[in-house]
1. Would you be able to say whether some residue in the range A:126-133 is open to solvent by less than 10 Å² (accessible area, probe 1.4 Å), outside any helix (DSSP H, G or I) and of a type in the set (Val, Ile, Thr)?
2. Please enumerate the residues belonging to the range A:253-294 that are part of a helix (DSSP H, G or I), charged (D, E, K, R) and open to solvent by 50 Å² or more (accessible area, probe 1.4 Å).
3. Here are some residues: A:Leu32, A:Leu15, A:Leu28. Which one is within 14 Å of chain B (Cβ to nearest Cβ), open to solvent by 60 Å² or more (accessible area, probe 1.4 Å) and touching a residue at least 12 places away in the same chain (Cβ under 8 Å)?
4. Checking the condition more than 28 Å from A:Cys48 (Cβ to Cβ) and either among the hydroxyl-bearing types (Ser, Thr, Tyr) or away from chain B (no Cβ under 14 Å) (or both), which residue from A:Leu361, A:Leu302 passes?
5. Please enumerate the residues belonging to the range A:143-168 that are part of a helix (DSSP H, G or I), modelled with pLDDT under 75 and of a type in the set (Gly, Ala, Ser).
6. State the number of residues belonging to the range A:361-380 that are modelled with pLDDT of 90 or more and open to solvent by less than 60 Å² (accessible area, probe 1.4 Å).
7. Scan (1) open to solvent by less than 60 Å² (accessible area, probe 1.4 Å); (2) within 26 Å of A:Tyr112 (Cβ to Cβ); (3) within 20 Å of the chain's Cα centre (by Cα) for the single condition A:Phe312 breaks and write down its number.
8. Which one is nearest to the chain's Cα centre (by Cα), of the residues in the range A:105-125 that are open to solvent by 30 Å² or more (accessible area, probe 1.4 Å) and touching a residue at least 60 places away in the same chain (Cβ under 8 Å)?
Amino acid sequence: MPGKTLLLSQRPGGLATFNIQDGFNEALLRGLQLGFLSDADYRSILQCENLADVKLNLQETDYGAYVGDVAQISPSIVREKALEKLVNEFNLLRANANQPLSQFLEFIRYDYMIDNVMLILKATLNNPNVDVASLIKQTHPLGQFEESVFNSICAFENSPKGYAELYQSVLIDTPIGPYFARFLQEESAKVSQDASYVQNLLEELPTTKLESSLRKLYLEDFLEFCQGLGGDTATIMTDVIKARADATAINITLNSFGTMLNDPNLRESERKPLYPSMGFLYPEGTDKLSQVGDEMELAAVLRTYQVYRGIFDKHQRGDKTIDDAFYEREVQLNEMAWEGQFHYAAYYSYVRLKEQEIRNLVWICECIVQRQKDRASDHFVPVFSREASYRKR
Amino acid sequence: MATLTPFFAPAGGGGFVNYTCYGTSNTPQGWDAGDWPDILLNISPYTWASLGIVMALSLSVLGAAWGIWITGSTLVGAAVKAPRIKSKNLVSVIFCEATAIFGVIIAIILQGKLSDISVGENDKAPSAICATLFYSGYSIFWAGFAVGATNLASGITVGISGSGCALADAQDPSLFVKILIVEIFGSALGIFGLIVGIIMTQNAQF
């Protein structure tokens with residue numbers, strides 16, 4: 001793991017020095033912005049009656065080379081091809097990157113590695129005889145491991161011992177191993193205090209707890225790394241990661257209702273440690289979050305935070321799901337992060353915005369297949385759109 | 001006051017390359033000959049003038065090179081997805097280059113002022129000539145510095161705005177001319193130094 005302070009020569013620098021290492025690479029990235037679907041592209045895709053028309057429309061865009069030779073098109077193939085394009089672009093940037101940019105790009109991938117490990121773990125826990133090959137197809141290609149790693153994860157046994165084995169035999173060699181090690185360390189420290197609670201908790205909620213902990217450790221580590229980089233990268237990434245940490249904390253609270261984590265005795269000892277120890281809500285907001293027991297109380301806590309009140313209002317009114325409300329906020333932040341020049345945050349926002357574009361595309365395709373085009377705007381968050389709600393104000 | 005005599009020429013004025021300035025009148029009142037102000041008196045005005053020429057040229061070239069680096073690396077990267085920008089944006093590189101040319105012009109003008117002086121009787125320059133020599137040396141030195149520093153700043157400025165220009169042009173060609181105007185104003189900073197540098201050395205003559 002990189003240390004807190006980097007030498008001056010290892011930092012990306014500012015206006016006058018950034019281009020020494022990363023000028024070419026950043027310009028490559030900025031060029032890729034041309035590939036985002038425009039409002040006009042979305043409009044013409046939304047008018048399509050079937051997926052063949054969608055394909056025709058996509059051929060006019062930057063996706064042309066990827067969907068061109070597809071014989072049978074379906075939403076999952078659109079996703080696969082769009083991801084393939086994203087990964088190709090990401091690999092181009094990664095191949096041209098020097099330290100510390102290459103480390104920064106790796107950090108972006110860790111996020112998807114955690115997703116993939118959790119995806120496989122959850123599937124295995126639900127159905128031990130699941131088909132591994134089909135699972136691997138569902139994983140995100142940015143967080144790809146070798147196939148043997150995925151196969152080994154499927155051999156996972158749900159017990160505290162199983163976790164230790166999973167770590168020692170599989171994850172120790174992966175970049176996200178250190179997060180897993182720290183998770184196990186913290187758990188084993190708790191086991192010695194109060195064995196029965198933890199035992200129950202691990203049995204009932206193994207994946208929720210593991211996923212939240214890994215994500216928390218990852219975000220904290222990423223933030224520390226970005227702050228070590230200094231300059232605009234630190235300033236912008238701090239805001240972006242903090243906003244994500246808040247979304248994580250609110251989601252953990254919201255998802256805990258009706259589970260063991262919401263038990264008044266466990267709120268403080270088990271739910272609170274899952275909140276990232278940073279963010280705009282931290283520490284007094286997360287303190288209050290750790291006390292709430294239902295949605296009404298959560299709304300009361302969030303009422304004092306203007307941005308999150310707006311997001312939670314949308315959720316409560318039923319205008320949007322909480323996920324979409326947070327996506328909208330994230331797109332807004334990432335578009336702003338894209339504005340400046342001479343910093344790394346643009347790489348992060350590029351990947352996140354592309355992710356959103358792929359979600360949009362897949363959702364619209366789903367709607368067209370299901371013949372429910374009137375629902376297309378439900379989960380649709382346009383990227384770099386002139387018509388975004390926050391631009392109209 | 002420490003005496004530096006052993007390191008420098010004998011009391012009462014500088015020992016220049018091929019002549020000596022007159023008498024103790026160069027040493028300020030209250031200072032003994034051989035005290036440290038004599039350091040300045042013992043440095044030949046030719047040294048100052050030459051240093052000025054070096055700085056005018058080298059700082060300008062440094063600024064231009066830095067600017068071309070910033071612009072050039074961005075231009076190459078941005079041209080991958082939008083190849084049409086590549087010839088148009090060479091203008092940014094040329095603007096950076098101009099700052100180096102300003103330095104070259106000034107260096108040539110300044111060095112034209114250097115010439116061997118006519119030496120008085122007994123290889124001693126009269127004190128009036130001495131004053132002119134010092135004036136010329138210092139004015140060329142600081143004129144060179146003024147030109148070098150302004151062109152260094154100007155070169156970096158043009159480089160950064162040129163880099164933005166390449167990126168903007170790749171996204172939206174109509175932005176090119178608008179950002180080019182920013183670059184032109186950045187380039188004007190170097191011309192300010194150029195003009196003042198010429199005026200500063202108008203009366204300098206060896």
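1. No.
2. Result: A:Glu268, A:Lys272, A:Glu284, A:Asp287, A:Lys288.
3. A:Leu15
4. None of the others qualify; the one that does is A:Leu302.
5. A:Gly162, A:Ala164
6. Residues that pass the stated criteria total 7.
7. Here A:Phe312 meets the rest and fails (2).
8. Going through the range A:105-125, the residues open to solvent by 30 Å² or more (accessible area, probe 1.4 Å) turn out to be A:106, A:109, A:115, A:119, A:122, A:125.
Next cut, touching a residue at least 60 places away in the same chain (Cβ under 8 Å) only: A:106, A:109, A:122, A:125.
Working: A:Glu106: 14, A:Arg109: 10, A:Lys122: 17, A:Leu125: 22 Å.
Ranking the qualifying residues of the range A:105-125, first place goes to A:Arg109.
The values are calculated or read from the model by the stated rules, or taken from the named source; none is laboratory data. Note that the structure is a prediction, hence the values are computed from the model and not measured. Virtual Cβ from ideal backbone geometry, glycine too; neighbours counted across all protein chains shown. Areas reflect the complete protein model, heavy atoms only, side chains present, ligands, DNA and RNA absent. Shrake-Rupley method; radii C 1.70, N 1.55, O 1.52, S 1.80 Å.
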